[in-house]
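Only one structure is covered here, and it is reproduced in the block below.
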Amino acid sequence: SSGINAEYGGSGNVAQFAAEKVLQLGGRVCSFSDSTGTLSSEQGFSRSQLDQLFELKNVKRGRLSELSGIPGATYHAGKSVWQLGLACDVALPCATQNEITVEGAKLLAEGGCWCVAEGANMPTTNEAVEFLKTKVDIYLPGKAANAGGVATSALEMAQNSARLFWSAEEVDEKLKGIMNNIFATSYQTAQEFDRPWDLQFGANAAGFLKVYKAYKAMGYLKF
């Protein structure tokens, strides 16, 4: 993700950890939003600015409007980030259901966005999904892209069961393997059904096939 501009909807756990990862990989974190509006930075937020924002949200439980004066940033009162038409490479809706409408999807396409990765439960309307799948290179549905939280919970359970302690680096490496596998499975399944790069279809079909094969192996299905 080196050099990419990433726009975020939301400013909670998912948005914050996704921002940490983009920053770690050399990308620029260019927006956050909450129920009162959006805070954006064309050149990307600095490390110290992110720390300030995270403290505001995690400790003070404040609103982004309180950071409207930080250098290089613009506060857009009452606006969703997806209404602003900001240029970006990657869009990560991490806030709420249906936050990206078809109007927002059109603005993303016009702004040069080539990847949308969902970090919330159904943050993109059905109409917007269908539009984006024809306009961006990669659309990653939440059931795949946002699986990291559940995966990490499973890793925590594994540690507890085995009475082990893994460092943050070890957990991150195991999580990377899980997420790579999710992507590869979604991609390969889409290819097998002649739907190349339709990762939404690939994720749905792979999930269905996994359940189907399990039921068949247990003798519940005869076909």
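Things to note:
- Positions within segment 45-61 being surrounded by fewer than 14 Cβ atoms within 10 Å (Cβ to Cβ) and part of a loop (DSSP other than H, G, I, E, B), in sequence order: ARG61
- Scanning segment 130-151 for residues being within 25 Å of ILE178 (Cα to Cα) and not in a loop (DSSP other than H, G, I, E, B) gives a total of 12.
- Residues located in segment 85-116, provided they are part of a loop (DSSP other than H, G, I, E, B) and not small (Gly, Ala, Ser): LEU86, CYS88, ASP89, CYS94, THR96, GLN97, ASN98, GLU99, THR101, CYS113, TRP114
Conditions tested, residue by residue: (1) in a helix (DSSP H, G or I); (2) on the phi > 0 side of the Ramachandran plot; (3) of a type outside the set (A, V, I, L, M, F, W, C); (4) in contact with an Asp or Glu (Cβ under 7 Å, 6 or more places away or on another chain).
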{"site": "GLN159", "(1), (2), (3), (4)": "yes, no, yes, no"}
{"site": "LEU164", "(1), (2), (3), (4)": "no, no, no, no"}
{"site": "ILE178", "(1), (2), (3), (4)": "yes, no, no, no"}
{"site": "PRO196", "(1), (2), (3), (4)": "no, no, yes, no"}
{"site": "GLN200", "(1), (2), (3), (4)": "yes, no, yes, no"}
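- Residues within segment 133-161 that are buried (at least 17 other Cβ atoms within 10 Å of the Cβ), free of Cβ contacts under 8 Å to residues at least 40 places away in the same chain and among the charged types (D, E, K, R), tallied: 0
- Of all residues making up segment 162-215, the number that are free of Cβ contacts under 8 Å to residues at least 12 places away in the same chain, of a type in the set (Ser, Thr, Tyr) and open to solvent by less than 50 Å² (accessible area, probe 1.4 Å): 1
- Output for segment 1-12, where each listed residue is modelled with pLDDT under 95 and polar (S, T, N, Q): SER1, SER2
- Condition check for GLU7: among the charged types (D, E, K, R) and under 26 Å from ALA144 (Cα atoms): yes
- Leading residue by the ranking (surrounded by the most Cβ atoms within 10 Å (Cβ to Cβ)) among those in segment 62-85 that are within 18 Å of GLY119 (Cα to Cα) and of a type in the set (A, V, I, L, M, F, W, C): VAL81
- Among the candidates VAL116, VAL129, residue that is crowded, with 16+ Cβ neighbours inside 10 Å, in contact with a strand residue (DSSP E or B) (Cβ under 6 Å, 6 or more places away or on another chain), modelled with pLDDT of 95 or more and of a type in the set (A, V, I, L, M): VAL116
- Residue within segment 86-104 that is in contact with a Gly (Cβ under 9 Å, 6 or more places away or on another chain), modelled with pLDDT of 95 or more, more than 26 Å from MET179 (Cα to Cα) and open to solvent by 40 Å² or more (accessible area, probe 1.4 Å) present: yes
The values are calculated or read from the model by the stated rules, or taken from the named source; none is laboratory data. Here the structure is a predicted model, which is why all the values come from computation and not from measurement. A quick note on method: Cβ atoms are made from the backbone with ideal geometry, for glycine too, and the neighbour counts reach across all protein chains shown. The accessibility values were calculated without ligands, DNA or RNA, using every heavy atom of the protein model including side chains. Shrake-Rupley method; radii C 1.70, N 1.55, O 1.52, S 1.80 Å.
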